[in-house]
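To start, the structure under review is shown below, and the notes come after it.
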Amino acid sequence: MKCDYDYLKSRALWLRKETLKLHSLAPETRIASSLSPIEILTALYYGKILKVDSANINNENRDRFISSKGHGSIAMYPLLADLGFFDKTELQKVCQPNALLGGIPDCNIPGFETTNGSLGLGLGTGCGIALALKKKKNDGFVFVLSGDGELFEGSVWEAIMFAGHNKINNLILIIDNNKISMLDYCKNIIDLEPLEEKFKNFKWYVKRIDGHNIKEVYDTLIDLKTSDISMPKVLIADTVKGKGVPILETDSLCHIKSLTKEQVDNLLAELN
Amino acid sequence: MFEQSSAMRDALLTEIYNEMQRNDKIILLSADFGAPILDKIRKDFPDNFMNVGIAEQNLVNIATGFALEGFDVYIYAIAAFLSMRAYEMIRTNIALMTQLKPLNINLVGVGAGISYVLSGPTHHCLEDITAIRLLPHITLFSPSDVVLTKKFFNYSLQKKIPKYIRFDSKILPSIYSVEDNINFDDGFVELRDAKKKCIVATGYMTHKALTVSADLKKENIDCGVIDMFLLTNYNKTALAEILKKYDTIITLEEAFINRGGLDSLIANIIADYNLSAKLIRLGFKDKFVFENGTREYLHSLQGLAIENIKEIIKEN
């Protein structure tokens, strides 16, 4: 499949800027964790790796995408609005009374399959959907986006064991490995490394890449989706929490930091 | 076909087995928890059954995935661990999400009350009624016999909503007959009619209530019995209509009392409908049961022996 990487790169820059703009409208949204998966979301949606159709949201033949890291999914708002899942005017109303879009996305928003925000539910639910699709002889894929901090939840490992043992090969887990949980670097809380070996030992097919290199992200996701291997697949995408915002990138507490309107305006000028 | 003396779980699993012969949309998931009929299911319908291992949280999450794709899902585990280990998954993935999407997930928990008598307080389940009643959108079925259980199966297939089904682990005699027309929208049956006093019970304790009522009858004391088999989504007005004739209502449950269970359900009805009845709540006090012995012995430690209950009713 031919891919216009420059196009994807420009979409990623656009999405990073739109996510910042959205955050400036609603400072209660989690910005740092929403900036690390920008290239992943760009490759999935603008690279058309994820088979979805805003004109037919519940199309039986779609791929299912679960954003298990609910807080860090604010980038999905401008993305889904741009793709026509809901009206762009909703973006201006984010977190306002009666707004469709809140601080953490729920499945009342078109384009979200499940309710997110409670960590540790997405992968197990994804396993169930993937098995159900197989049973229906539906060749759709299930993509689950998880944070690395989410891997501290025990239920995630129940699902990792289950998926590996049951060879759920229509399941692709993407770990936005931004290395920071809420209060500290993950390695200071419980070191998750060696992460690739952990997944390999649980019978997963593992790829590890630079999650901000759009070519690597795109090519590897295509490889995972098309490779004929009877294992669940995981993409460990090494990312930077708060990517593109220097004061967040170097702050281990960036998860709970908000940016002021002025800071966002200055950043947008620099990104241009 | 199951025998009348079979356990309720076997009655339900037999219905599931029979339905699987013609319906490929049924999925049964177990957290490594078995039954004789389950061996037949996994042998004859390997594509509709999965043992997910001792992992109740994952059990609920996987069930959610299947239900989101339109399957009718039954999940089977020990009641204490299904209702409490996986509680947040039940809340977020099932109760919360079904407000937006239809999910036919039937959570089947075995070991209600202290029916795992000798397994001790980890396996006793004195909290599930309260825990599940706390969540919107889950129908709580607490049956007292296999006939009711069998009849509920069709209801569970037709109603595409989440349900929690709590089974006694022991074989209990039948109360209902196959010909009985059960109204699952009401959620209760007045088994014995009386004028002044009435026991409202659920599950195993309905049998005890019937024994107490029969004993009192011999002493010329009339005591009604209501079997409350739905503890959420029951018909409040119909229940209030039945309860209003009684002066004294005794709730009887193998569960902690004063914590939101059957006693609270009845207390709410009395308050909401301005009933004048006196309420006596019988159940387990605020202590876990470490003692060993027969079920009746453990009841006697709680003041729930047949004789204790008879005395309380006579005094009130």
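The values are calculated or read from the model by the stated rules, or taken from the named source; none is laboratory data. Here the structure is a predicted model, which means the values were calculated and not measured. Quick reminder, even Gly has a Cβ in these numbers, built from the backbone with ideal geometry, and neighbours come from all protein chains shown. Protein only, heavy atoms only, side chains kept; ligands, DNA and RNA dropped before computing areas. Shrake-Rupley method; radii C 1.70, N 1.55, O 1.52, S 1.80 Å.
Taking 0.36 nm per residue of sequence separation and removing the Cα-Cα distance, the A:Ile189/A:Ile229 pair yields an extension gain of 11.0 nm.
Label separation (B:Lys160 vs B:Glu190): 3.7 nm, computed from points 7 Å beyond Cα along the C-beta direction. If R0 is 35 Å, the Cβ-Cβ spacing of B:Lys287 and B:Asn235 corresponds to a FRET efficiency of close to 0.55.
The stretch B:188-315 gives an Rg/Rh value of 0.95, both radii derived from C-alpha positions and Rh following Kirkwood. Helix A:154-165 and the longest principal axis of the C-alpha atoms of chain A enclose an angle of approximately 40°.
Among A:Leu35, A:Leu123, A:Leu91, the largest mean-square fluctuation in a Gaussian network model of chain A (Cα springs under 10 Å) belongs to A:Leu91. Working from label points 7 Å from Cα in the Cα-to-Cβ sense, the A:Ile256 to B:Asn18 distance is 5.8 nm.
Taking the Cβ-Cβ separation of B:Lys170 and B:Asn274 as r and a Förster radius of 35 Å, what is the calculated FRET efficiency to the nearest 0.05? In this case the efficiency is close to 0.35.
If both residues of a DSSP beta bridge must be in chain B, then about 15% of such bridges are antiparallel. Bridging of A:Lys135 to aspartates and glutamates at a Cα separation below 20 Å is possible for A:Glu60, A:Asp63, A:Glu113, A:Asp228, B:Glu19, B:Asp24, B:Asp44, B:Asp47, B:Glu69, B:Asp72, once same-chain residues fewer than 8 apart are set aside. For the stretch B:223-316, trypsin sites (Lys or Arg not before Pro) are listed when DSSP marks them as loop and at most 14 other Cβ atoms sit within 10 Å of their Cβ; the list is B:Lys244, B:Lys245, B:Lys285, B:Lys287.
Among A:Leu145, A:Leu235, A:Leu100, the residue with the largest mean-square fluctuation in a Gaussian network model of chain A, with springs joining Cα atoms closer than 10 Å, is A:Leu100. Compute the long axis of helix B:306-315 from its Cα atoms, compare it with the longest principal axis of the Cα atoms of chain B, and write down the angle in degrees, 0 to 90, nearest 10. For helix B:306-315, the angle is close to 50 degrees. In sequence order, the stretch B:107-120 has phi-based couplings of 8, 9, x, 9, x, 4, x, 9, 5, 7, 3, 8, 7, x Hz under the Karplus curve 6.51 cos²θ - 1.76 cosθ + 1.60, θ = phi - 60°, and Gly or Pro positions carry x. Each Cα pair of the protein assembly as shown feeds into the Kirkwood radius, which the Stokes-Einstein equation turns, at 4 °C and 1.567 mPa s, into a diffusion coefficient of 50 µm²/s. Residues considered: B:Ala194, B:Ala112, B:Ala67. Largest GNM mean-square fluctuation over chain B, using C-alpha springs under 10 Å, is found at B:Ala194. Among the GluC sites (Glu not before Pro) in the stretch B:88-182, those placed in a DSSP loop whose Cβ has at most 13 other Cβ atoms within 10 Å are B:Glu179. The alpha carbon centroids of the stretch B:35-58 and the stretch A:176-239 are separated by 32 Å.
Quick one: Debye curve from the alpha-carbon atoms of chain B only, equal weights, vacuum; give me log10 I(q)/I(0) at q = 0.10, 0.16 Å⁻¹ to two decimals. Taking Cα atoms of chain B as identical point scatterers yields -0.54, -1.35. Listed by chain and number, the aspartates and glutamates whose C-alpha is less than 15 Å from the C-alpha of A:Lys2, apart from same-chain residues fewer than 8 away, are A:Glu216, A:Asp219, A:Asp223.
Specify whether the C-alpha gyration tensor of the stretch B:8-102 places it in the rounded, prolate or oblate class, a ≥ b ≥ c being the square roots of the eigenvalues: rounded for a/c under 1.5, otherwise prolate if a/b is larger than b/c and oblate if not. Cα axes put the stretch B:8-102 in the oblate bin. With a Förster radius of 25 Å applied to the beta-carbon distance between B:Thr122 and B:Tyr297, the computed FRET efficiency rounds to 0.80. Taking the DSSP beta bridges with both ends in the stretch B:8-167, the antiparallel portion is around 5 percent. Solvent exposure of the stretch A:86-129, expressed per residue, is 37 Å² of accessible area, with all protein chains present and a 1.4 angstrom probe. The antiparallel fraction among DSSP beta bridges confined to the protein assembly as shown stands at about 10%. Threshold 10 Å², probe 1.4 Å: give the residues of the stretch B:53-89, in number order, that are less accessible with all protein chains present than with their chain alone. For the stretch B:53-89, once contacts with the other chains are taken into account, B:Ala55, B:Gln57, B:Asn58, B:Asn61, B:Ile62, B:Gly65, B:Phe66, B:Leu68, B:Glu69, B:Phe71, B:Glu88, B:Met89 lose 10 Å² or more. The A-B contact accounts for roughly 2100 square angstrom of buried accessible surface, both chains included, probe 1.4 angstrom. Using equal-weight Cα scatterers in the Debye expression, the normalised intensity of the stretch B:8-167 in log10 at q = 0.09, 0.10, 0.12, 0.17 Å⁻¹ is -0.25, -0.30, -0.45, -0.96.
So what's the angle, to the nearest 10 degrees on a 0 to 90 scale, between helix A:5-25 and the longest Cα principal axis of chain A? Helix A:5-25 and the main axis of chain A meet at about 60 degrees.
List the residues of the stretch A:83-121 whose backbone N lies under 15 Å from a point placed 7 Å from the Cα of A:Ile247 along the Cα-to-Cβ direction. Within reach of a label on A:Ile247, which here means backbone N under 15 Å from a point 7 Å along Cα→Cβ, the stretch A:83-121 contributes nothing.
The gain in end-to-end length when the B:Leu134 to B:Lys244 segment is fully stretched comes to 37.0 nm, 0.36 nm per residue minus the alpha carbon separation. Between A:Lys2 and A:Ala55, the modelled label-to-label distance comes to 2.4 nm, taking each label 7 Å out from Cα in the direction of the beta carbon.
For the protein assembly as shown, the share of accessible area belonging to carbon and sulfur comes to 51 percent (1.4 Å probe, ligands and nucleic acids excluded). State whether the stretch A:10-84 is rounded, prolate or oblate according to the following rule on the C-alpha gyration tensor (a ≥ b ≥ c being the square roots of its eigenvalues): a/c under 1.5 gives rounded; otherwise a/b larger than b/c gives prolate, and the remaining case gives oblate. Verdict is prolate for the stretch A:10-84.
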